[in-house]
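Inspection log for the structure reproduced underneath, given as structure tokens.
Bear in mind that the values in this text are calculations on the coordinates, not laboratory data. Please read all numbers here as calculations on a predicted model, not as lab measurements. Glycine gets a Cβ as well: all are built from the backbone with ideal geometry, and neighbour counts include every protein chain shown.
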Amino acid sequence: SGMWKSTDNGKTWIKTSKAKDLHSVSCLAQDKRKGKENNWYYGTGEYWGNSAAITGDGIYKSNDNGSSWNVIPSTYKGTPNIWDQPFDYCWNIVVNPNAPLENDELLVATSQFGILRTTDGGGKWITVLGSDSKASFSDIAVTSKGEFYATISSEGQTKNKGIFRSLDGVKWYNITPPNFPKTYKRIVIGIAPSDESQVYFIGETPGYGKQ
């Protein structure tokens, strides 16, 4: 149903997505750096969790605190009926809180295309994790100090699956426990606001846990 905004603690809402834009919003992130707080991003496409695999086509940006949105051109192809690029299904978006103010650094968790990173607000993207995994599920999270965590589901090459940590969003370390199940689908990440050294992972691990 698109992006909606409330300025009165949820009493009333205004739809801020354009009628012509895709409304399959799947994730939302704010740039919390000082002076950048009005910048928001949302991804599109819901690959799993619905009956129809609602397609997406791009990442949208707002520079007026969510009152209006425009698609980032490099993430858009105009073919939502065809799965032909990474930003057709976005699981999550984070903004690097440590990036210089002149750089807009985003990391996006996608389906089938791994974790992608841009340092120029989406002008150019590189894959930093899971490039060959073809994993259906991924996630990305970042602490207020700029420590990143990512997950990649168990399809594809062994080196590109599991739970990962990075101090810069570029170089990643596999921190998957040795006794972790060998097969797993979606794993989502939760960083404790009260103590960011505590990070929680909840996953779908067929054949494990309570039956």
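Using alpha carbons only, what's the Rg to Rh ratio of the chain with Rh from Kirkwood?
0.96
With the crude spin-label approximation of a point 7 Å out along Cα→Cβ, what separation in nm comes out for Asn81 versus Lys11?
For Asn81 paired with Lys11, the spin-label model returns 4.5 nm.
At q = 0.18 Å⁻¹, what is the log10 ratio I(q)/I(0) for segment 25-128, with the Debye formula run over Cα points and no solvent?
These q points yield log10 I(q)/I(0) values of -0.80.
From the residues Asn38, Gly10, Gly123, which one has its Cα farthest along the dipole of segment 1-127 in the positive direction, the dipole being from +1 and -1 charges on Cβ of Lys/Arg and Asp/Glu about the Cα centre?
Projecting each Cα onto the dipole axis, the largest value belongs to Gly10.
Explain nothing, just the number: relative contact order of the chain, from Cα pairs under 8 Å at least 6 residues apart, as a whole percent.
11 percent
Which residue fluctuates most in the GNM of the chain (Cα springs below 10 Å): Trp40, Trp13, Trp125?
Answer for the Gaussian network model of the chain: Trp13.
Could you give log10 I(q)/I(0) at q = 0.32 Å⁻¹ for segment 148-192, computed by the Debye formula over C-alpha point scatterers of equal weight, without solvent?
-1.31
Any idea what the alpha-carbon Rg over 2.2 N^0.38 Å comes to for segment 112-178?
Normalised by 2.2 N^0.38 Å, the Cα Rg of segment 112-178 equals 1.07.
Please compute, for the alpha-carbon atoms of segment 19-72, the extent along each of the three principal axes and give them in descending order in Å.
40, 22, 15
Net charge near Cys27, counting Lys/Arg +1 and Asp/Glu -1 over other residues with Cβ under 11 Å of its Cβ?
-2
Among residues other than Thr55 whose Cβ falls under 14 Å from its Cβ, what is the net charge (Lys/Arg +1, Asp/Glu -1)?
-4
With a/c under 1.5 counting as rounded, go ahead and sort segment 93-211 into rounded, prolate or oblate using the C-alpha gyration tensor (a ≥ b ≥ c being the square roots of the eigenvalues; past the cut-off, prolate if a/b is larger than b/c, else oblate).
oblate
Run through segment 145-192 and list the trypsin sites (Lys or Arg not before Pro) located in a DSSP loop whose Cβ has at most 12 other Cβ atoms within 10 Å.
Numbers: sites: Lys145, Lys159, Lys161, Arg165, Lys171, Lys182, Lys185, Arg186; in loops: Lys145, Lys161, Lys171, Lys182, Lys185, Arg186.
Loop-located and lightly packed - Lys145, Lys171, Lys182.
With springs only between Cα atoms under 10 Å apart, run a GNM on the chain and tell me which of Ala29, Ala150, Ala109 wobbles the most.
Highest fluctuation of the listed residues: Ala29.
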